[in-house]
Each structure stands twice: as structure tokens, then as C-alpha cells.
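Bear in mind that the values in this text are calculations on the coordinates, not laboratory data. Small disclaimer: the values here were computed from a predicted structure and weren't measured. Every residue, glycine among them, receives a Cβ derived from its backbone with ideal geometry; neighbour counts consider all protein chains shown.
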Amino acid sequence: MPTVTTPTPLLNQISDQPPGRSICGQIWGSSCLELIGPPSWGHGQHPSPSMRLDATKHTSCPPAILEFLSCDHDGDVRRWVAEHPSCPPAVLDQLSRDASSDVRLTVCSNPRTPSATLEQLSRGKPLMRVVVAGNPACPAPVVRKLTADLNHSVRVTALENPACPSDVLEQFSAHIHVGTRMSVARNTACPAPLLEQLSVDSETQVRSEVARNPACPPELLRRLLLDSEEKVRQAAAGNPELPTELLAMWQLIR
């Protein structure tokens, strides 16, 4: 998310303004002479939508201002409020019923969205269900339900969510469709025994996903570095958790 940082020196120049009010330009280093609220409000009260957007993109925008801007008439402002990492859960719940589908979709992706709200949103249209399925804060029961969704994209996204129950991952690890097994192999919370099983899958793409998974045990990575397929070997060599000794081995054998 783009962020805006208030220049501290400029915040020290507001002492001669009316109590509780500041000139916009003195806070943001611009030529704007609009009187706005306290410095911490950023552009929260600014008449220009683009200035109010700046407030929602501010990393330290106070929750009270986010709540204030959640009722803004501009949909883009409300969408950025819904994306803010400090947005209060109650505000996200309110925005989950927003008239704008873009705002509601953004609520689906915010990890601060309440569990009950995510459960409600998981009943929405396919794209909304996909985003809920990928939310790392999505409750396990909701993720379980979404793995049985009629929409393929929803199912595979749910399978890749670390919150997906291990018994569900086990069930789908032997699925007939390669793409489904690939999603199980991508899950960073996939149990080691399942990764072991998938590491000998007949499909190169599945073994490659196991090799890329940062949760892949070192002993499996060692074996995958010696896989018969170059794509699998390259995937294992690029694993972010590859131990130093295995990296040295790879440099010798490649």
C-alpha cells in the first residue's frame, strides 16, 4: 500500500494557527491553504477527495479518522479505508455492506475483518469468495467450506490458505486434478508427511511446488535437488529456506 509520511518539521509550524486547526500546506509541504483539523487528521477534513485519499494512505492515520472517512461519499476513499492495516474491525464490518462492490471486495482481503463478517462474505459472488478464501485470517471452518465450493478458483485458493485444516489437505492431496494437488503442495502449512507424499508425485508441476514451498523439510529438498526434471531441481535451488549446505551441494552438481 502506498504510504504518506508527515514531515515532522512542518508539524512544528502550526502553533500560530487557530486552536485545533492547521493549514494543510504546512503539514504536507504543499501550497494548499485550506484549514483542516489537528495534524494527526492529515487530510481527513479536506474538501478535495484526493487529499482525503492521502489521509487514508497515511501509515499512522488514527482509527477515529478512518472511521470518519468510512462514511465518505467518495468510493475510492472508503476503499482505501477498508484496505488500511489499522482499520477497526467494526468499521470493516460496516464497510462489508457498502454500496460499492470494490469496497466490499477490499474488506474481504483485510486480515482485520471480523470472522463473522468473513463468514457472511463467503456467501457472496465467486470473486468475493475467492478473496475471502485467500484471507489469512479466514476462520478454518469457513476455509473448509470454501474447499468444497462449486467454483474451481475458490476451491484452490482455499486449499492454499495456511488456515486450511490438515485433514482437508490430506483429502485433496490425492485429487485427480493436477492443479488441485499443486495447491495443496503450495500451502505453507502443509504437514511434512503430505509434502513427502507429493514430492514423489508423477507430475513435474506438483513436485516443483513442493520444492518451492518454504515449509519443505531439508531432507526433501536434498532429494528434489536431484530430481530427474530440471524444473524441479531449479525450484528446490530457489527455495528461500534452502540450507547453506544444500546450496553448496547444488552449486557443485548443477
Subject >> All lysines inside 16 Å of Lys145 as judged from Cα atoms, apart from same-chain residues fewer than 8 positions distant >> reply: Lys125
Subject >> Cα→Cβ-extended label distance, 7 Å offset, between Asp102 and Asp167, nm >> reply: 4.3
**OP:** Kindly provide the trypsin sites (Lys or Arg not before Pro) of region 119-155 that DSSP labels as loop, not H, G, I, E or B, and whose Cβ sees at most 14 other Cβ atoms within 10 Å.
**Re:** Arg123
**OP:** Classify region 76-117 as rounded, prolate or oblate from the Cα gyration tensor: take a ≥ b ≥ c as the square roots of its eigenvalues, call it rounded if a/c is under 1.5, otherwise prolate when a/b beats b/c and oblate if not.
**Re:** oblate
Original post:
Where the convex hull is taken over the Cα atoms of region 93-132, what is its projected area averaged over directions, in nm²?
Top reply: 2.3
**OP:** Assign one of three labels to region 165-244, namely rounded, prolate or oblate, based on the Cα gyration tensor with a ≥ b ≥ c the square roots of its eigenvalues; rounded applies when a/c is under 1.5, prolate when it is not and a/b is larger than b/c, and oblate otherwise.
**Re:** oblate
**OP:** May I ask for the net charge around Asp98, where only other residues with Cβ less than 13 Å from the Cβ of Asp98 are counted and Lys, Arg are +1 while Asp, Glu are -1?
**Re:** -2
Subject >> For His58, residues with placed amide H under 5 Å, excluding near neighbours >> reply: Val4
